[in-house]
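Chemist: Mind looking over this structure? Questions follow.
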Amino acid sequence: MKEKVIPYKMLLEVISNSYELVWRIVPEHEMQVLKMGLKNLEKCLIDYIQKAEEGLPIIGYHFACPAEFLHCFDCVPICIEGTSYLLAALLPNGSEKYYDLITHWGHPYHTCSSQKGVMGMVLDDLFKFDVITTPTAPCDNTYASYPFFKYKDIPLVITDMPFIREEKSYEFYAEQIKIGLSEIGKIIGQEPDFDKIKKSLEIENQSLKLEFELFELKKATPCPLESMINPMSAAAAVFMAGRPEKLDFYENMLALAKKRYKKKESPIEERIRSIWPYMTIFFDLALCEWLDREIKMSVLLDIFSYNLYDPVDTSSEDKMFNDMARKSMNFPMIKQSIDFYDDFIPEFINTTKEFKADCGIFTSHIGCKQFGSIPQLLREALRDELGIPLLIIDIDVGDKRFASIKTVKDKIRMFANTLL
Ligand code: SF4
């Protein structure tokens with residue numbers, strides 16, 4: 001029973017060491033986003049590991065079914081995609097060993113590393129899931145990767161997520177979420193407690209308010225927060241979902257941003273404002289520092305921080321589930337990857353204009369084939385509408401062996417030189 005979440009123990013060790021190191025070595029006023037992020041991640045992991053050791057069921061979930069929904073159970077929710085990438089970010093060779101394990105088992109190498117990481121860990125018996133849940137969205141990788149878990153005799157609960165976002169789809173998906181939670185409950189022997197979801201959702205709503213304020217403050221020139229806010233926000237969305245640590249993180253981020261904004265201070269001597277329509281690079285978090293310090297390029301937003309959804313109305317069970325469906329279907333990356341690009345391009349152009357960005361950088365991730373046609377169209381649209389360039393980097397954002405960090409830096413440096 002004690003060894004059901006070994007990768008979480010690996011993560012905790014590396015987070016605790018990194019946290020101690022940055023607190024001891026880095027001057028107090030520097031890397032504040034990273035320090036605050038690591039502190040809260042550490043707290044969440046300690047709690048989840050303790051719960052796993054107490055024998056609570058381990059529920060794996062796709063990021064479109066956010067952890068706060070699973071708070072209706074006494075459980076340890078583990079995000080398949082988030083865990084693969086947090087390990088990719090923090091371990092010296094990331095999740096590579098696990099990508100290779102699952103590739104050698106026979107899973108196609110070109111599928112999404114966000115899922116391959118945990119699949120390899122399961123193959124290596126490092127996670128012992130009691131059940132895993134996923135929607136039928138947003139990408140081929142999701143459909144094609146999750147059935148693997150059945151091979152390891154892990155029950156799989158699948159919710160049917162519609163592709164079209166309209167009222168009747170939200171009603172349908174709300175029902176699907178309920179059915180899914182009830183199936184999970186039967187498997188783990190617990191009744192879903194919707195009052196507990198309500199509490200978690202209310203924390204999420206409070207956090208969302210802070211995130212919206214932060215979103216506005218990041219429009220300031222210079223940007224008051226370091227680029228590290230982007231990967232740390234992605235980590236907060238997954239590991240701190242529905243928990244007080246998320247509020248603590250965003251309260252501190254907001255206080256810091258306000259203080260700097262009032263004094264017109266920034267941790268970056270900002271010469272270039274960049275905006276990343278898709279993901280930042282997870283296999284080397286230090287890239288954010290390099291961009292800030294060497295290229296003097298701020299990363300204002302990435303896919304996990306510019307696409308915020310609406311708060312969930314918790315005043316009645318029906319409204320709550322309807323809004324939970326709305327949230328899931330409009331979650332960052334779900335919304336973009338499930339849909340055609342007609343909405344994505346104009347929305348992104350507007351965001352770029354609002355944030356007064358000088359350029360875009362698009363990480364064209366090998367897993368996201370459904371998104372592969374967009375970068376060139378977006379590049380043309382940004383050039384025609386706003387006259388700003390878009391750098392496209394072919395990459396696996398979770399595996400440095402596809403495009404190394406040196407290749408990435410060389411491309412960005414050359415691109416930045418053309419802007420100055
Ligand atoms: S949308 Fe892209 S990055 Fe997200 S899970 Fe699917 S393939 Fe991976």
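Chemist: Whole Å is fine, so just give me how far the alpha carbon centre of region 138-156 lies from that of region 48-67.
Modeler: Centre-to-centre (Cα) distance: 17 Å.
Chemist: Could you compute how fast region 1-115 diffuses translationally, taking Rh as the Kirkwood radius over C-alpha pairs and applying Stokes-Einstein at 37 °C with viscosity 0.692 mPa s? Give it in µm² per second.
Modeler: 210 µm²/s
Chemist: Under 1.5 on a/c is rounded, so check that first for region 6-190, then, if it is not, pick prolate when a/b is larger than b/c and oblate when it is not; a ≥ b ≥ c are the square roots of the alpha carbon gyration tensor eigenvalues.
Modeler: Note, shape of region 6-190 comes out prolate.
Chemist: Counting Lys +1, Arg +1, Asp -1, Glu -1, what net charge surrounds Lys43 among other residues with beta carbon under 10 Å of its beta carbon?
Modeler: -2
Chemist: Compute the relative contact order of the chain as a whole-number percentage, counting only Cα pairs closer than 8 Å that sit 6 or more residues apart in sequence.
Modeler: So the answer I get is 18 percent.
Chemist: Measure nothing but the geometry: give the 0 to 90° angle between the long axis through the Cα atoms of 32-53 and the longest principal axis through the Cα atoms of the chain, rounded to 10°.
Modeler: The angle comes out near 10 degrees.
Chemist: Now for a different question. How many angstrom lie between the C-alpha centres of region 70-134 and region 371-412?
Modeler: Taking the Cα centre of each part, region 70-134 and region 371-412 sit 26 Å apart.
Chemist: Which order, highest average first, do 253-263, 404-414, 223-233, 6-16 follow once you tally other Cβ atoms within 10 Å for each residue and take the mean per peptide?
Modeler: So the peptides 253-263, 404-414, 223-233, 6-16, ranked by packing, come out 223-233, 6-16, 253-263, 404-414.
Chemist: Now a separate question. Which distance in Å, rounded to a whole number, links the C-alpha centroids of region 202-263 and region 318-359?
Modeler: Measuring centre to centre over Cα atoms gives 18 Å.
Chemist: Mind computing the radius of gyration and Dmax over the alpha-carbon atoms of region 295-388? Å is fine for both.
Modeler: Considering region 295-388 through its Cα atoms, Rg and Dmax are 15.6, 50 Å.
Chemist: Now for a different question. As a test of the formula, what do you get for the chain when each DSSP H run with n ≥ 4 contributes -39,500 (n - 2.57) and the sum is divided by the residue count, at 222 nm and rounded to the nearest 500 deg cm²/dmol?
Modeler: -17500 deg cm²/dmol
Chemist: Also, I was wondering about something else. Quick one: helix 341-354 against the long Cα principal axis of the chain, what's the angle to the nearest 10°, folded into 0 to 90?
Modeler: Tilt of helix 341-354: around 50 degrees.
Chemist: Among the lysines, which fall within straight-line cross-link reach of Lys116, defined as a Cα-Cα distance under 18 Å, with same-chain neighbours fewer than 8 residues apart omitted?
Modeler: Answer for Lys116, where 18 Å is the Cα cut-off: Lys97, Lys128, Lys150, Lys152, Lys369, Lys400, listed by chain and number.
Chemist: From the cross-link list Lys178/Lys246; Lys9/Lys168; Lys178/Lys218, which pairs have alpha carbons spaced over 31 Å apart?
Modeler: With Cα atoms farther than 31 Å apart: Lys9/Lys168; Lys178/Lys218.
Chemist: May I pose another question? Over the chain, what is the percentage of antiparallel beta bridges among all DSSP beta bridges, to the nearest 5?
Modeler: Within the chain, antiparallel bridges account for around 5 percent of the total.
Chemist: While we're looking at this one, here's another question. With Kirkwood's inverse mean 1/r over C-alpha pairs for Rh, give me the Rg to Rh ratio of the chain, two decimals please.
Modeler: 0.94
Chemist: What does the charge count around Phe163 come to, taking other residues whose C-beta lies under 12 Å from its C-beta (Lys +1, Arg +1, Asp -1, Glu -1)?
Modeler: Local net charge: -1.
Chemist: On to the next question. Which order do the peptides 165-172, 195-202 take when ranked by the mean count of other beta-carbon atoms within 10 Å per residue, highest first?
Modeler: Descending packing order for the listed peptides: 195-202, 165-172.
Chemist: I would also like to ask the following. Hey, if you put +1 on the Cβ of every Lys and Arg and -1 on every Asp and Glu Cβ in the chain, which of Thr159, Gln176, Ser233 ends up farthest toward the positive end of that dipole?
Modeler: Of the listed residues, the answer is Ser233.
Chemist: Which angle from 0 to 90°, rounded to the nearest 10, does the C-alpha axis of helix 194-217 make with the longest principal axis of the chain?
Modeler: 0 degrees
Any read-out appearing in this document is the output of simple, stated calculations on the displayed coordinates, not a laboratory observation. Just so you know, these numbers come straight off a predicted model, no measurement behind them. Here the Cβ is made from the backbone with ideal geometry for all residues, glycine too, and neighbour counts use every protein chain on show.
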